[in-house]
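J.: Sharing a structure here in structure tokens format.
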Amino acid sequence: MTWTWFHRLGSPPYIYALAARLTPWFAWPAALLILAGLWGGLVLAPPDYQQGEGFRIIYVHAPSGWMSMMVYTTMAISAAIGLVWRIKVAHAVAASCAPIGASFTFAGLVTGALWGQPMWGTYWEWDPRLTSELILLFLYLGYMGLRAAIEDTQRADRASAVLAVVGVVNVPIIHYSVTWWNSLHQAPSVMRLARPNMPPAMLTPLLLMLLGFTLFFAAVLLVRLRGEVLNRERTASWIREAVST
Amino acid sequence: MSDFLAMGGYAAFVWPAYAVTFAVVALNVVWARRALARALAEARRRLATRGEQS
Amino acid sequence: MSASGAPAADALAGAPARAFSAGSPAAAHALDAARLALLRDLRLAFRKRGQLVQPLAFFVLVTMLFPLAVSPELARLRELAPGVLWVAALLASLLALEFLFRDDAYDGTLEQYALSGRSLTGLMFAKTAAHWLLTGLPLALMAPLAGLSLGVPPPAIPGIIVAVAVGSVALSLIGSVGAALTLGIKRSGALLSLLTLPLSLPVLIFGARATQLAINGAPLLAPLELLGALAVLGVTLAPLAAAAAVRISLE
């Protein structure tokens, strides 16, 4: 068992080249999966007996929600790795995650609102899921704000890493307290995102979309990662060669 | 086809939802590529100025 | 104000000598240092009593906004009271956070703390404890006044005091992390709020619930225990995170 593979991941020139090579391997499958999911979700899946065609919003709302949580977790884990083991590449990964996660959290909120209006009769409901999503958006914005406010990249990396770790510890607490709060106050019919026994025709496109968006995240992350790695390598000699191509 | 576009009456909600999501998808692609281009330009600029100094 | 750094450094330097002569282990060093830091913060704060009153005045002021903005009817205000009290307490606590590290960062005391070899986590805990004694506890004691002005029935008062006292412990701890992270950032007030408020939401939720139950005359042990749990979690984790953040800021 060699750890050299793992160590190489921490090497900026290696990661830079690897990221460039890997990007298409994530990007194209992502596009295919998303297209397949769209076809399955918009065309093939039968309408819901309760929500009619309106339920099809799930095929964009659920992936957005999934992305917002998954990206935050990725961000926090890589930030923690960077903080503990002082690996610049890990910090670069965390920095790359934030804008992606924030934008999809926003998409999740908007699609949630658009789903809410026909289903509940109102664009916004303070239900646990939407409220937690909103708070998550602020966690992202806080993270990005802190990074932007600190000029020195290394200090920004480490400070925002502490914030990300503190945030990720808080996310379950926040979610629990919001759910608890919501249950106290005559909660309206909670939007059921997925019926427990969703027929395959409905479920499969959803899974395709979830997987497709995940791969999309990986592709975008790899592109951003290269830029973030470059920004952290001020004087390294490998840059000269990498950049001239 | 028009049935499809009408989405059983929910068109005003379904299509904007998809539009927003894919706008975010497109935004991420553009944003990421621009960030990389900026970083490359910065790196080239840094190398150029250092080259002049040495 | 230049004298403020010297006594602290001397006191900290004196601590190891005393501790060694007593033959106590490293833990005693940390406790000594923490105790000294706490006392120092309290003493310094009382020299600037005016500054101490500001968050309290802010708290009362914000509370006052609601009758004027909504309605003078006590019945209506009573419905809003839990929310208003806790939002006002949260904002007042935020205001006071700016003072937590600012002066010490300015005059180099914070750097002394970091270099002293004493547990920085312990010192962060001490500073946060001082902050709570100077802000959270007074807020808890002022809450009755604000509550009564919003139509809260007198029997609810003891419960409210306890809830705010416990909740503000968690708020001070959570806030200390944000304050440590934003050290040295100019005009960091808005950023500090953006970082601290989302993390403080559970305190707000449980605290407001406890207050509502107190007003209804119902037992409020459940949310109170949850507030206590948050405070305990905060005590365990926040000083550690704050110490890490301070070290990062001082690099």
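J.: Answer with yes or no whether C:PHE125 is in contact with a helix residue (DSSP H, G or I) (Cβ under 8 Å, 6 or more places away or on another chain), free of Cβ contacts under 8 Å to residues at least 60 places away in the same chain and not aliphatic (A, V, I, L, M).
T.: no
J.: For A:VAL89, work out the one condition from (1) outside any helix (DSSP H, G or I); (2) in contact with a Gly (Cβ under 6 Å, 6 or more places away or on another chain) it doesn't fulfil.
T.: A:VAL89 satisfies every listed condition except (1).
J.: Then there's this: Name the residues in region A:171-180 that are facing another protein chain (nearest Cβ under 9 Å) and either without any contact (Cβ under 8 Å) to a residue 24 or more places away in the chain or outside any helix (DSSP H, G or I) (or both), would you?
T.: Correct list: A:ILE173, A:TYR176, A:SER177, A:TRP180.
J.: Filter region A:97-112 down to the residues that are hydroxyl-bearing (Ser, Thr, Tyr) and under 11 Å from B:LEU27 (Cα atoms) and list them by number.
T.: Listed by number, the list holds a single entry, A:SER103.
J.: Shifting gears a bit: Run A:TYR140 past the list (1) in contact (Cβ under 8 Å) with a residue 12 or more places away in the chain; (2) over 19 Å from A:VAL171 (Cα atoms) and report the number of the one that doesn't hold.
T.: Result: A:TYR140 passes all but (2).
J.: Turning to a different aspect of this structure: Just the residues that are touching a helix residue (DSSP H, G or I) at 6+ places or on another chain (Cβ under 8 Å) and assigned to a helix (DSSP H, G or I), please, taken from region A:1-17.
T.: Hits for region A:1-17 are A:ARG8, A:LEU9, A:PRO12, A:PRO13, A:TYR14, A:ILE15, A:TYR16, A:ALA17.
J.: Next question. Please verify whether region A:36-49 includes one or more residues that are exposed (fewer than 15 other Cβ atoms within 10 Å of the Cβ), farther than 19 Å from A:GLY212 by Cα and among the hydroxyl-bearing types (Ser, Thr, Tyr).
T.: There is at least one residue in region A:36-49 that is exposed (fewer than 15 other Cβ atoms within 10 Å of the Cβ), farther than 19 Å from A:GLY212 by Cα and among the hydroxyl-bearing types (Ser, Thr, Tyr).
J.: Any idea which residue in region A:155-169 is nearest to the other protein chains (Cβ to nearest Cβ), counting only those that are over 17 Å from C:LEU237 (Cα atoms) and in contact (Cβ under 8 Å) with a residue 24 or more places away in the chain?
T.: Checking each candidate, the answer is A:ARG158.
J.: Let me ask something else about it. Output the number of residues of region B:32-45 satisfying the condition of being buried (at least 17 other Cβ atoms within 10 Å of the Cβ) and either out of contact with any Leu (no Cβ under 7 Å at 6 or more places or on another chain) or within 12 Å of A:PRO99 (Cβ to Cβ) (or both).
T.: Residues flagged as buried (at least 17 other Cβ atoms within 10 Å of the Cβ) and either out of contact with any Leu (no Cβ under 7 Å at 6 or more places or on another chain) or within 12 Å of A:PRO99 (Cβ to Cβ) (or both) within region B:32-45 amount to 3.
J.: So which residues in region A:89-125 are surrounded by fewer than 24 Cβ atoms within 10 Å (Cβ to Cβ), under 19 Å from A:SER68 (Cα atoms) and polar (S, T, N, Q), if there are any at all?
T.: If the condition is that a residue be surrounded by fewer than 24 Cβ atoms within 10 Å (Cβ to Cβ), under 19 Å from A:SER68 (Cα atoms) and polar (S, T, N, Q), then A:SER103 is the only one that fits.
J.: Looking at region C:183-198, which of its residues are at the interface with chain A (Cβ under 8 Å from one of its Cβ atoms) and either modelled with pLDDT under 95 or surrounded by fewer than 24 Cβ atoms within 10 Å (Cβ to Cβ) (or both)?
T.: Those that are at the interface with chain A (Cβ under 8 Å from one of its Cβ atoms) and either modelled with pLDDT under 95 or surrounded by fewer than 24 Cβ atoms within 10 Å (Cβ to Cβ) (or both): C:ILE185, C:SER188, C:LEU191, C:LEU194, C:LEU197, C:PRO198.
J.: Restricting to region A:207-241, give me the number of residues that are out of contact with any helix residue (DSSP H, G or I) (no Cβ under 6 Å at 6 or more places or on another chain), assigned to a helix (DSSP H, G or I) and aliphatic (A, V, I, L, M).
T.: Selection size over region A:207-241: 1.
J.: Go through region A:32-70 and report how many residues are in a helix (DSSP H, G or I), within 11 Å of chain B (Cβ to nearest Cβ) and not small (Gly, Ala, Ser).
T.: Total satisfying the criteria: 14.
J.: Okay, moving on. For region A:18-49, give me the residue count where each residue is touching a Lys or Arg at 6+ places or on another chain (Cβ under 9 Å) and not acidic (Asp, Glu).
T.: Within region A:18-49, residues that are touching a Lys or Arg at 6+ places or on another chain (Cβ under 9 Å) and not acidic (Asp, Glu) number 8.
J.: Another question, then. In this structure, does A:TYR16 turn out to be modelled with pLDDT of 85 or more and closer than 30 Å to B:ALA39 by Cα?
T.: Taking the combined requirement at face value, the residue satisfies it.
J.: Restricting the search to region C:165-197, which residues are more than 17 Å from A:ILE173 (Cβ to Cβ) and hydrophobic (A, V, I, L, M, F, W, C)?
T.: If the condition is that a residue be more than 17 Å from A:ILE173 (Cβ to Cβ) and hydrophobic (A, V, I, L, M, F, W, C), then C:ALA165, C:ALA179, C:ALA180, C:LEU181, C:LEU183, C:ILE185, C:ALA190, C:LEU191, C:LEU192, C:LEU194 are the ones that fit.
J.: Please state which of the following conditions C:GLU251 fails to meet, knowing it meets all the rest: (1) more than 27 Å from C:VAL162 (Cβ to Cβ); (2) acidic (Asp, Glu); (3) away from every other protein chain (no Cβ under 11 Å).
T.: Failing condition for C:GLU251: (3).
J.: Among C:LEU123, C:LEU77, C:LEU36, C:LEU85, which is the only one that is surrounded by 15 or more Cβ atoms within 10 Å (Cβ to Cβ), touching a Gly at 6+ places or on another chain (Cβ under 9 Å) and more than 21 Å from C:LEU141 (Cα to Cα)?
T.: Result: C:LEU36 is the single residue among C:LEU123, C:LEU77, C:LEU36, C:LEU85 that is surrounded by 15 or more Cβ atoms within 10 Å (Cβ to Cβ), touching a Gly at 6+ places or on another chain (Cβ under 9 Å) and more than 21 Å from C:LEU141 (Cα to Cα).
J.: Could you tell me whether any residue of region C:73-96 is part of a helix (DSSP H, G or I) and closer than 17 Å to C:LEU42 by Cβ?
T.: Yes.
J.: Looking only at region A:148-162, which residues are buried (at least 18 other Cβ atoms within 10 Å of the Cβ), part of a helix (DSSP H, G or I) and not acidic (Asp, Glu)?
T.: A:ALA149, A:ALA156, A:ARG158, A:ALA159, A:SER160, A:ALA161, A:VAL162
J.: Also, quick follow-up: Taking the options A:ARG147, A:ARG155, A:ARG129, name whichever one is of a type in the set (Lys, Arg), under 21 Å from the mean Cα position of the chain (by Cα) and at pLDDT 85 or above.
T.: When all the criteria are applied, what remains is A:ARG147.
The values are calculated or read from the model by the stated rules, or taken from the named source; none is laboratory data. Since the model is a prediction, treat every value here as computed from it, not as a measurement. So basically every Cβ, Gly included, is an ideal-geometry build from the backbone, and we count neighbours across all protein chains shown.
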